[in-house]
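The values are calculated or read from the model by the stated rules, or taken from the named source; none is laboratory data. If you're wondering where the values come from, they're calculated on a predicted model, not measured in any experiment. Cβ sites come from the backbone with ideal geometry, for glycine too, and all protein chains shown count toward neighbours.
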Amino acid sequence: MEADELLVRVAGGDQKAFEELYGLVSGPVFGLVRRVVRDPAQSEEVAQEVLLELWRSAGRFDPGRGSALSWILTLAHRRAVDRVRSARAATEREQREGMRAHHPAFDQVAEEVEAGLEREWVRHCLERLTSLQRQSVTLAYYDGYTYREVAEQLSLPLGTVKTRMRDGLTRLRECLGGVA
Amino acid sequence: MSLFGRQSKRDLHSLAAPYALDALEPHERARFEKHLRTCDRCTAEVRALSEDAVRLAWSTAAPAPLAMRDRVLAAVRNTPQEASPLGAAPPRPHHLPAHVWGTEPPPPRRRAPRMRPLFAPLATATAAAALVVASLFAVQATRTQDQLDTARAQSREIANILAAPDARATNERDARGRGIGVIASAKEGRAIVTLSGLGDLPSGRVHQLWLMRPDVQPRSLGLFQGDTPLVTSGMNDDATSLAVTVEPNGGSAQPTSQPIAQLALKSVGFGE
Ligand SMILES: [Zn+2]
């Protein structure tokens, strides 16, 4: 059964369908959350919340507006970004107060799983973007920065960053292929 | 952004991409979502860009900790669902009540957890994410050691194709869910081809891959072994499509049946 059908059943309170849906989406959800949040313990917490939220809010899914997988990953990304921003704000507060930040700096995600070809292909396509397109997209999507923060980091006007984000995503679509 | 912090309509239209990437601040997000209710243009743009953004997610998939499954399923048993979406949905609390995750040990399993191939989800996901590589990737988890050795030998070739500057991907899926995908470098005449949803073959039959060119007989590019991707080279740059047929073991010199899957190659740079 595909995720769309499962999610509709989950909305009807079907716990077996949820178990099956969990098997389908827990890997993508956890991986995405960990990519953004980085801290393993916090990642697990956020991923759990997302998966439970799927159970609670499955009724909000509207099949007419896109695929279930895209809805689920959009939700996971939103929650991950919310978490990483509040963690960043807390770190800044601590630093202002002269405390040492207690969040370990994970500059590389621990225990990388060999997402092998899949990862390689996305990387291949990201490399096809201009450097500014790529940085605008990845700083936002993978690192959870707002476009204002991205503009600051890249020393670009806000309008330019918005355009680079749009062009970057569009070009990525062309490269990744599969658009019928 | 104007001096007074109010954004003009024109500014709002430009927020579709940052919105799709979750790169708006909360107040902007709220404003833009309000705008979306009345702006068809932005709604359409957000939908397309969000699908693109989600593709970035697929490459990050990683197996979730095993203990997480027990915790989530236990929580599901104890958590009521929201009322029907037709009514006003209650606001979502930012953090779930602490008791949900609890510190109690998970209940004993009634049966061994079904072992799913690690990345099988991605195979299913291709329907939505439509990534050729997702299916490439999916089959790896289910292989035996022998197949893995073959795969390893293949993987160098695959890596070479992926690294080709002109490498591009496309795929096709028919109404019955039968799919064929390709990552190809037209310049080098090489490709990785994957099949999905073709179902089990009767014994003594194989899937054979054919290269179709204008005014020329189909040429065999090889036989598929199970769900392993086929790596092929020597593809002519005037090729128009790939076709898959079911043939007797060992393959045929020419197709003996109608193709069960076909894929045009123009979008990956052939026939140009
Ligand atoms: Zn608009």
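Tell me the strands (runs of 3 or more DSSP E) entirely within the stretch B:149-260 that contain at least 1 residues that are more than 24 Å from the chain's Cα centre (by Cα).
Once the strands (runs of 3 or more DSSP E) in the stretch B:149-260 are filtered for at least 1 residues that are more than 24 Å from the chain's Cα centre (by Cα), what remains is B:205-213, B:216-223, B:241-248.
Among (1) within 16 Å of the ligand (Cβ to nearest atom); (2) in a loop (DSSP other than H, G, I, E, B); (3) touching a helix residue (DSSP H, G or I) at 6+ places or on another chain (Cβ under 6 Å), which single condition is B:Ala64 missing?
Every listed condition holds for B:Ala64 apart from (1).
Determine, yes or no, whether A:Leu139 is modelled with pLDDT of 75 or more, assigned to a loop (DSSP other than H, G, I, E, B) and either surrounded by 12 or more Cβ atoms within 10 Å (Cβ to Cβ) or under 16 Å from the mean Cα position of the chain (by Cα) (or both).
Taking the combined requirement at face value, the residue does not satisfy it.
Scan the stretch B:38-49 and tell me whether some residue there is within 28 Å of the chain's Cα centre (by Cα), buried (at least 20 other Cβ atoms within 10 Å of the Cβ), more than 11 Å from the ligand (Cβ to nearest atom) and within 11 Å of chain A (Cβ to nearest Cβ).
Yes, the stretch B:38-49 has at least one match.
List every residue pair whose Cβ atoms sit under 8 Å apart, with the two residues 6 or more apart in sequence or on different chains, where the first one lies in the stretch B:206-227 and is at positive phi and the second, anywhere, is hydroxyl-bearing (Ser, Thr, Tyr).
Matching pairs, first to second residue: B:Gly222/B:Thr232.
Quick check on my filter: what residues within the stretch B:9-37 are within 11 Å of the ligand (Cβ to nearest atom) and not in a helix (DSSP H, G or I)?
B:Ser14, B:Leu15, B:Arg37
For the stretch B:176-191, how many residues are modelled with pLDDT under 85 and more than 12 Å from every other protein chain (Cβ to nearest Cβ)?
Total meeting the criteria: 2.
Of all the residues that make up the stretch A:7-27, how many are more than 7 Å from chain B (Cβ to nearest Cβ) and without any contact (Cβ under 8 Å) to a residue 24 or more places away in the chain?
6
Table: residues versus (1) at pLDDT below 90; (2) surrounded by fewer than 18 Cβ atoms within 10 Å (Cβ to Cβ).
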| position | (1), (2) |
| --- | --- |
| B:Glu172 | yes, no |
| B:Val193 | yes, no |
| B:Arg205 | no, yes |
| B:Trp210 | no, no |
| B:Asp215 | yes, yes |
| B:Gly226 | yes, yes |
| B:Pro229 | yes, no |
| B:Gly234 | yes, yes |
| B:Leu242 | no, no |
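Does B:Leu73 satisfy being over 20 Å from A:Ala80 (Cβ atoms), modelled with pLDDT of 50 or more and either part of a helix (DSSP H, G or I) or away from the ligand (no atom under 16 Å from the Cβ) (or both)?
yes
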